[in-house]
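First the structure, in the form of structure tokens, and then the observations on it.
The values are calculated or read from the model by the stated rules, or taken from the named source; none is laboratory data. Since the model is a prediction, treat every value here as computed from it, not as a measurement. When we count neighbours, we look across all protein chains shown, and the Cβ atoms used for this are built from the backbone with ideal geometry, even at glycine.
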Amino acid sequence: PPLNFPSDVSPMTDMEFGRFLLPGPTEVHPDVLRAMLRPMVGHRSTAMVDLLAAMEEPLRRVFRTQRRVIIGTCAATGFMEMAVRCGVKQRMLALVGGAFGQRFAAIAEACGHDVVRLEVPLGETIEPDMLRDALMRTEVDAVSLVHSETSTGALAPLSELAPIVHERNDVLLLVDAVTSMAGSPVETDALALDFVFTGSQKALALPPGLALGVASERMVQRAKRLPLRGAYLDLVTYEESFAERQPTNTPAVSLFYALGEQLRRIEIEGGIAARWARHEAMRQAVESWVDGPGGTLGFRFLPREGRRSWTVSCLRAPEGRNARDFVQALKREGWTIGSGYASLKPSTLRIGHMGDHNVESVRAALGRLEEAAR
Ligand SMILES: *Cc1c(COP(=O)(O)O)cnc(C)c1O
């Protein structure tokens, strides 16, 4: 029998955009989807070289770097593993405030490294003093940090934490910027991040399937001396291939087209700073709702003010109400928001306001939430 797609999956029109507010994958704009309807090119063709060359500078602007942005065909977790395999010698300090911080630590252990966890309760972030203390107590050669912890909606104070890591000699800072990159400031060069990565399906608002990252020179030098980097996720191979504007292996060519189109759309919006400003406005829209009608109904932010992600808002449901019921009520109305993550499932919900969403969609979703709560 023919393979049928589920009946609720039909091509989207521009009019319908703005109701799918998961904290990843996020909604993909029709223009970006359409960009994928192009014929294949060989991955060793000049057409591929030209495509990678055209994306080089726009990608540098998104990542705020003069260095090379490498692109891989894998989930963001692939580049998390690359960070570990190519950046950790022996002992890593893992900053953990939720599921993705935990994942970073678990991958390092799975790769045979010693891991020291510095953990804070869900919704909180590692603060500068805590990090300085931990680095004084334990000798490590790398630190893993999740900038925007998607499971709790907490945003770590990256610009304060990075210099503390750099006070130490030869300790690399490995940063998961999966839901911060392209949605809030991530100053790769100014903060001297040694490895920073994201995935295509979060604030870049592409379909899932690509990982993107930047490595510092000293990260590349360290990688060269590490014997067990593996093959598919070897940073050194990536650096060499991308220096020739070549992918390492056969990439997801269609997703490269989507990325090219999205980079064009970012420039049209006014560049990466304009994109950040739109995300900040979406976070503020949720904050003023919680300060107003949402708060009156009993909704609260999980993270404190000043530590809230610009791309995902994690809200506690009103006392005595199950957060999952709200997610389902919105679903019945044609709106998709995220449920809470793991142990936070019954008590929290998450609104993903990243990528190509805007304040109007966020306000509309909050309006639905209000109706569901009444
Ligand atoms: C989504 C996410 C990941 C994992 O991304 P995958 O593409 O599913 O591997 C890692 N870290 C953070 C902070 C995320 O939000």
query = So, in the stretch 129-151, of the ones that are of a type in the set (Val, Ile, Thr) and touching a helix residue (DSSP H, G or I) at 6+ places or on another chain (Cβ under 7 Å), which residue ends up nearest to Lys89 (Cα to Cα)?
reply = Val143
inquiry  = Criterion first (touching a residue at least 40 places away in the same chain (Cβ under 8 Å), over 20 Å from the mean Cα position of the chain (by Cα) and over 18 Å from Leu172 (Cα atoms)) does Gln66 satisfy it?
reply    = yes
note = Scanning the stretch 179-190 for residues that are within 16 Å of the ligand (Cβ to nearest atom) and either more than 15 Å from Arg61 (Cα to Cα) or of a type in the set (Asp, Glu) (or both) gives Thr179
query = Which of the residues that make up the stretch 73-93 are within 21 Å of Glu187 (Cα to Cα), within 19 Å of the chain's Cα centre (by Cα) and among the small types (Gly, Ala, Ser)?
reply = Ala76, Ala83
ask   = Here are some residues: Val214, Val236. Which one is farther than 25 Å from Ile126 by Cβ and either in contact (Cβ under 8 Å) with a residue 60 or more places away in the chain or away from the ligand (no atom under 16 Å from the Cβ) (or both)?
value = Val236
remark   = Of those in the stretch 90-114 that are free of Cβ contacts under 8 Å to residues at least 12 places away in the same chain and of a type in the set (A, V, I, L, M, F, W, C), the residue nearest to the ligand (Cβ to nearest atom) is Ala106
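Each row is one residue, and each column tells you yes or no for (1) within 16 Å of the ligand (Cβ to nearest atom); (2) touching a strand residue (DSSP E or B) at 6+ places or on another chain (Cβ under 8 Å).
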position	(1), (2)
Met36	no, no
Pro39	no, no
Leu51	no, no
Pro58	no, no
Val69	no, yes
Arg85	yes, no
Val88	no, yes
inquiry  = Given the options Arg245, Arg265, name the one that is closer than 19 Å to Val62 by Cα, basic (Lys, Arg), more than 16 Å from the ligand (Cβ to nearest atom) and in contact with a Leu (Cβ under 9 Å, 6 or more places away or on another chain).
reply    = Arg245
query = Within the stretch 142-165, can you find the residues that are more than 15 Å from Leu315 (Cα to Cα), outside any loop (DSSP other than H, G, I, E, B) and of a type in the set (A, V, I, L, M, F, W, C)?
reply = Ala142, Val143, Leu145, Val146, Leu158, Leu161, Ala162, Ile164, Val165
query = Just checking, which of Ala99, Ala134, Ala53 is surrounded by fewer than 24 Cβ atoms within 10 Å (Cβ to Cβ), among the aliphatic types (A, V, I, L, M), modelled with pLDDT of 95 or more and within 19 Å of the chain's Cα centre (by Cα)?
reply = Ala99
Filter result for the condition that a residue is within 17 Å of the chain's Cα centre (by Cα) and surrounded by fewer than 19 Cβ atoms within 10 Å (Cβ to Cβ), over Pro157, Pro128, Pro121 = Pro157
task = For the stretch 138-156, state whether one or more residues are in contact (Cβ under 8 Å) with a residue 60 or more places away in the chain and closer than 17 Å to Phe63 by Cβ.
result = yes
ask   = Quick one: is Ala223 small (Gly, Ala, Ser), closer than 17 Å to Arg68 by Cβ and surrounded by 15 or more Cβ atoms within 10 Å (Cβ to Cβ)?
value = yes
note = Exactly one of Arg132, Arg117, Arg168 is away from the ligand (no atom under 13 Å from the Cβ), over 21 Å from Tyr232 (Cα atoms) and part of a loop (DSSP other than H, G, I, E, B), and that residue is Arg168
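Quick grid of which residues meet (1) among the β-branched types (Val, Ile, Thr); (2) buried (at least 24 other Cβ atoms within 10 Å of the Cβ); (3) near the ligand (Cβ under 10 Å from one of its atoms):
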| position | (1), (2), (3) |
| --- | --- |
| Ala162 | no, no, no |
| Ala177 | no, yes, yes |
| Ala192 | no, no, no |
| Gly209 | no, no, yes |
query = Within the bounds of the stretch 254-271, is there any residue that is farther than 30 Å from Arg132 by Cβ, among the β-branched types (Val, Ile, Thr) and surrounded by fewer than 24 Cβ atoms within 10 Å (Cβ to Cβ)?
reply = yes
request  = Among the residues of the stretch 180-196, write down those that are under 14 Å from the mean Cα position of the chain (by Cα) and more than 25 Å from Ala281 (Cα to Cα).
outcome  = Phe195
